[in-house]
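Trainee: Supplied in structure tokens, the structure appears directly below.
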Amino acid sequence: MEKTKKTIVKKITIALFSGIIVGMVFLLAREFLILNNKENIWKIIERIFFHDITQDNGLLSIGIFYIIGQLFMKGLQLAIVPLVLVSLSLSLCSMSNPERLGKVTGKTFTIFLSFYIISAFLGASFAYLIKILGWFSVELPVTNTLNIVTMESTNPFITILNAVPDNIFSIMSTNTSILAVVFIATIIGLTMNTLREVTLPVKRVLEGLNEMIRIYMDFLINKVSPIAMFCMICRTFATYGIEYLKPALVWIILTIFICLVLVVTIYPIGIWIVTKLNPFIFIKKIFKVGIFAAATQSSAATLPLNRKVCIEELGCSNELTDFILPTGMTINMNGTTVMHMMAITFIATSAGIDIQPSQLLLAGFISICTAMGTPAIPVAGTTMIFAVLNGLGFTSELCMIGYALVLAMNYPPGMAVITLNVIGDAATNVIVCSKEGELNKKVYYN
């Protein structure tokens with residue numbers, strides 16, 4: 001099994017870098033053909049490999065890379081609700097000492113919220129520094145903003161209200177109510193824990209479903225993900241030309257930079273301060289989880305590997321890991337908040353708005369509230385930027401152009417964002433297990 005996991009990570013890494021290289025080759029080929037007035041040749045290539053077949057003139061396209069990428073992403077989204085529901089229910093049901101749940105939950109949420117606040121503050125401070133240096137003052141490309149993804153602007157506290165559903169079936173039919181799924185899973189798990197033998201038939205059904213989900217996810221990750229990752233990364237670079245890449249390059253590079261800096265600072269420092277464990281061991285062992293998360297851009301897809309590393313290499317207990325990681329997958333999106341701080345500052349500055357620290361403070365609050373309810377799938381966090389923009393009143397045409405640009409080029413920074421998210425889950429797991437006396441230090445230091 002260990003050899004298989006190493007092979008998967010190796011394949012994903014190869015697909016990641018191959019996609020970037022081939023995508024850049026297509027990008028250069030596109031610019032060369034356009035420069036030499038051979039746009040028709042590029043249009044043929046684009047329609048065969050990269051075109052979004054759901055858009056206008058989709059009937060005239062094949063879109064091989066688009067289809068493969070979308071099939072993989074839809075396959076991941078298909079598993080999110082059952083994965084959260086079943087894994088969280090079983091973890092709470094199997095907890096040997098349910099009285100500890102309140103204490104464990106309190107510690108878990110406190111650590112998640114602490115990482116949220118620290119990440120938001122550091123992300124906003126870095127973004128404001130870059131704004132003062134003038135690096136975000138760019139000329140936005142003219143683009144069509146009619147079809148960009150938007151969402152309704154609402155009070156951020158509605159996230160709390162929506163965590164308690166009024167219809168159990170409605171939340172099972174969408175990936176946008178993950179907090180509500182967590183609430184239902186918690187009820188199921190706790191009631192099964194209380195009733196014990198009476199609910200054994202239900203537990204067996206959930207265990208059977210859990211095994212089915214595991215086999216499905218293993219197939220999706222082992223067999224499909226390397227090809228899909230290559231196609232999606234390659235398409236990202238090939239579809240959006242230099243006219244998009246140039247103005248967004250500063251935002252892309254700096255978002256990746258600050259996320260990676262936070263990965264190797266706030267988590268190791270947090271582990272060392274709270275537990276006194278060697279933080280370098282944590283970074284070394286969790287590195288492959290970060291690579292896998294960056295390639296798949298999905299907390300749900302990374303959950304099985306993250307769980308395995310936490311239990312078998314970091315010495316975390318099965319019981320707490322099965323509660324903390326699924327919870328973190330749905331709630332802990334501090335990487336998304338960092339990206340929001342960078343994106344909001346970039347969009348506002350590019351649109352001619354002199355954004356102030358007080359506005360970034362409000363943006364951080366809105367971002368944390370919305371990020372907690374973000375589904376564990378790619379692009380969802382980027383889409384939430386619109387809610388933050390609305391909350392700040394940044395809805396001008398230029399702001400929408402900047403937002404469209406961020407949406408178009410979200411994949412590269414998204415790789416660093418998701419890495420910050422999933423490694424944060426693992427760091428929280430290590431801290432809580434250590435404080436609860438459930439961390440095997442011999443395994444951790446092995």
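Trainee: Quick one: if you stick a label point 7 Å off each Cα along the C-beta vector at Ile160 and Thr395, how many nm between them?
Mentor: Calculated label separation equals 2.5 nm.
Trainee: Shifting gears a bit: Accessible surface of Leu190 in the full protein assembly, 1.4 angstrom probe, to the nearest 10 Å²?
Mentor: The accessible area of Leu190 comes to roughly 60 Å².
Trainee: Quote the charge dipole size of the range 12-52 about the Cα centre in Debye, to the nearest 20; the model charges only the Cβ of Lys and Arg (+1) and of Asp and Glu (-1).
Mentor: For this selection, approximately 80 debye.
Trainee: Separate question: Report the trypsin sites (Lys or Arg not before Pro) located in the range 242-343 that are in a DSSP loop and have at most 14 other Cβ atoms inside 10 Å of their Cβ, or state none.
Mentor: Counting only loop positions with at most 14 other Cβ atoms within 10 Å, the trypsin sites (Lys or Arg not before Pro) in the range 242-343 are Lys276.
Trainee: Roughly what angle does helix 101-133 make with the longest principal axis of the chain, taking Cα atoms, 0 to 90 degrees, to the nearest 10?
Mentor: Computed tilt is about 20 degrees.
Trainee: Then there's this: Please work out the average accessible area per residue across the range 158-292, using the 1.4 Å probe convention, and give it in Å².
Mentor: Computed with neighbouring chains in place, this is 52 Å² per residue.
Trainee: Counting only C-alpha contacts under 8 Å and six or more residues apart, can you give the relative contact order of the chain as a whole percent?
Mentor: 28
Trainee: Right, next: Leu361 versus Leu60, label points 7 Å from Cα toward the beta carbon: distance in nm?
Mentor: 5.4
Trainee: If you don't mind, another one. Just to confirm the number: angle between the C-alpha axis of helix 64-93 and the first principal axis of the chain, 0 to 90 degrees, nearest 10?
Mentor: 20
Trainee: Here's something else I'd like to know. Kindly state, to the nearest 0.05, the FRET efficiency for Lys38 paired with Ile67, given R0 = 22 Å and r defined as their beta-carbon distance.
Mentor: 0.30
Trainee: While we're looking at this one, here's another question. Between Asn222 and Ser114, what is the label-point separation in nm under the 7 Å Cα-to-beta-carbon projection?
Mentor: Placing both labels 7 Å beyond Cα along the Cβ direction yields 3.9 nm.
Trainee: Another question, if that's okay. Most mobile of Pro165, Pro201, Pro326 per a Gaussian network model of the chain (Cα springs, under 10 Å)?
Mentor: Pro201
Trainee: Still on this structure, please answer the following. Pick out, from Met342, Thr302, Ile117, the residue whose Cα sits farthest towards the positive end of the charge dipole of the chain, with +1 on the Cβ of Lys and Arg and -1 on the Cβ of Asp and Glu.
Mentor: Thr302
Trainee: Let me ask something else. Quick one: pull the percentage of alpha-carbon pairs in the range 194-290 with a separation above 23 Å.
Mentor: Roughly 63 percent, rounded to a whole number.
Trainee: Give the accessible area for Met400 in Å² (nearest 10); use a 1.4 Å probe, count only protein heavy atoms, and leave out ligands, DNA and RNA.
Mentor: 30
Trainee: Same structure again: Which value, to two decimals, describes the C-alpha radius of gyration of the chain once divided by 2.2 N^0.38 Å?
Mentor: 0.98
Trainee: Another question, then. Give me the orientation-averaged projected area of the Cα convex hull of the range 315-431, in nm², one decimal.
Mentor: Hull-based average projected area comes out at 7.4 nm².
Trainee: What number, rounded to the nearest 500 deg cm²/dmol, is the helix-based mean residue ellipticity at 222 nm of the chain, given -39500 (n - 2.57) per DSSP H run of at least four residues and division by all its residues?
Mentor: -25000 deg cm²/dmol
Trainee: Under a point-charge model restricted to the Cβ atoms of Lys and Arg (+1) and Asp and Glu (-1), what is the dipole moment magnitude of the range 37-135 relative to its Cα centre, in debye to the nearest 20?
Mentor: 280
Trainee: Pulled fully out, how much extra length does the chain show between Leu101 and Glu312, if you take 0.36 nm times their separation in residues and subtract their Cα-Cα distance?
Mentor: Gain in length upon complete extension: 73.7 nm.
Trainee: Let me ask another. Among Ala300, Ala416, Ala185, which one moves the most in a GNM of the chain with springs linking Cα atoms closer than 10 Å?
Mentor: Checking each option, the largest mean-square fluctuation is seen for Ala185.
Trainee: In degrees, nearest 10, range 0 to 90: what is the angle between the Cα axis of helix 397-408 and the longest Cα principal axis of the chain?
Mentor: Here the helix axis deviates by roughly 60 degrees.
Trainee: Here's a follow-up. Could you size up the charge dipole of the chain around its Cα centre, putting +1 on the beta carbon of Lys and Arg and -1 on that of Asp and Glu, and report it in debye to the nearest 20?
Mentor: 1320
The values are calculated or read from the model by the stated rules, or taken from the named source; none is laboratory data. Keep in mind that this is a model prediction, so the values were computed, not measured. In this analysis, Cβ positions are derived from the backbone assuming ideal geometry, glycine residues included, and neighbour counts consider all displayed protein chains. Only protein heavy atoms, including side chains, enter the accessible area calculation; ligands, DNA and RNA are left aside. Shrake-Rupley method; radii C 1.70, N 1.55, O 1.52, S 1.80 Å.
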